[in-house]
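Values in this text are rule-based calculations from the coordinates and carry no lab data. Just so you know, these numbers come straight off a predicted model, no measurement behind them. Positions of Cβ are backbone-derived with ideal geometry, glycine not excepted, and every protein chain shown enters the neighbour counts.
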Amino acid sequence: MQVLLLKDFVLFDRAFLFVYIMALILLPVEISPLLLIVIGFFTGLTVDIFYNTQGIQALACVLIMFLRPYFFQLVSSSRYEPGTNLNIREMGIAWFLTFCFPLIFIHHLTIFFTEAASTAFFMFTLSKVFFSSIFTFVVALLIQYMFIKSRRRS
């Protein structure tokens with residue numbers, strides 16, 4: 001979906017949409033950290049092929065997959081039960097914001113500053129990171145509410 005439909009979906013030359021990273025961020029917790037990094041690498045590499053970004057997406061995906069277990073421990077250690085799906089309906093909006101948004105921001109920060117390879121346009125690049133992170137997060141929220149059904153607890 002990302003490479004076919006959302007590749008050229010840009011708002012005001014500032015907000016880029018990378019919704020594919022939500023599939024990575026919301027992978028089951030039981031997956032080993034090494035496997036997470038491998039999945040992140042190949043997902044990023046696939047997007048790199050279509051975006052012609054020469055490894056930047058793979059770099060950003062590997063970084064967030066490396067950081068994901070630490071963020072999860074920081075945010076969710078007391079609320080998580082094994083087998084729980086990581087989604088907004090199961091974990092709540094506050095969890096979704098504190099777990100997903102920093103990872104989205106780090107992903108976008110890595111992509112845009114690596115792509116810029118300079119600090120000459122620091123504020124422009126930072127605005128792209130900020131607006132793209134918000135845009136991706138809002139679309140992720142909408143997707144979560146539209147397509148994810150909550151599990152009934154008895």
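Using Cα-Cα distances under 8 Å and only pairs 6 or more residues apart, what relative contact order does the stretch 18-147 have, in percent?
27 percent
How are the alpha carbon pair distances in the stretch 18-147 distributed across 10 Å bins from zero to the largest one, expressed in percent?
Calculated P(r), rounded to whole percents: 13, 43, 35, 9, 1.
Quickly work out the F147-to-T46 label distance, labels modelled 7 Å from Cα along the C-beta direction, and quote it in nm with one decimal.
Using points 7 Å along Cα→Cβ, the separation is 1.3 nm.
Can you give the extra length, in nm with one decimal, that the chain gains between L35 and L67 once fully stretched, where that is 0.36 nm per residue apart less the Cα-Cα distance?
Between L35 and L67, full extension yields 10.2 nm more.
Expressed in nm to one decimal, what extension gain is obtained for the pair F130 and S118 from 0.36 nm per residue of sequence separation less their Cα-Cα distance?
Gain on stretching F130 to S118: 2.6 nm.
Going by how many other Cβ atoms sit within 10 Å of their own, how do L24, L142, L67, L103 line up, fewest first?
L142, L67, L24, L103
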